1. Taking Cα pairs under 8 Å and at least six residues apart, what relative contact order does the chain come out at, in percent?
2. Suppose only helical runs count, i.e. DSSP H with n ≥ 4. What mean residue ellipticity at 222 nm does that imply for the chain under -39500 (n - 2.57) per run, divided by all residues and rounded to the nearest 500 deg cm²/dmol?
3. Could I have the simple spin-label model distance between ALA50 and MET1, label points 7 Å from Cα toward Cβ, reported in nm to one decimal?
4. Please work out which option in (1) 20, 42, 23, 13, 2; (2) 18, 35, 36, 10, 0; (3) 17, 37, 28, 14, 5 gives P(r) over Cα pairs in 10 Å bins from 0, in percent calculated from these coordinates, and answer with its label.
Amino acid sequence: MHVGSIAADKGAGSYGAAKAALASWSIGLSAELGPRGVTSNVVAAVHFLASAGARHVSGQVVQVNGGAFVTR
């Protein structure tokens, strides 16, 4: 599991470039190691959920399920 950032998609200078590289690396790892049962994922938005800005987010389940369930 790698911690990414939306900066990877927003062009946020060298930080964004580093996070974009992390996302690309994770895709490569997934392709290379997936056949052996090893997964590689990047999580972005963890910072928001831990911030004061997310005070209104309560009692929720943030689904990472490949689309198996629709959100509420």
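Read-outs: derived from the displayed coordinates by stated rules, not from any lab. Being a predicted model, the structure only gives us computed values, none of them experimental. Heads up, the Cβs are rebuilt from the backbone with ideal geometry, glycines too, and the neighbour counts pull from every protein chain shown.
1. Over the chain, the number comes to 28 percent.
2. Result for the chain, helices only: -11500 deg cm²/dmol.
3. 1.1
4. Recomputing P(r) over Cα pairs in 10 Å bins from 0, in percent here picks out (2).
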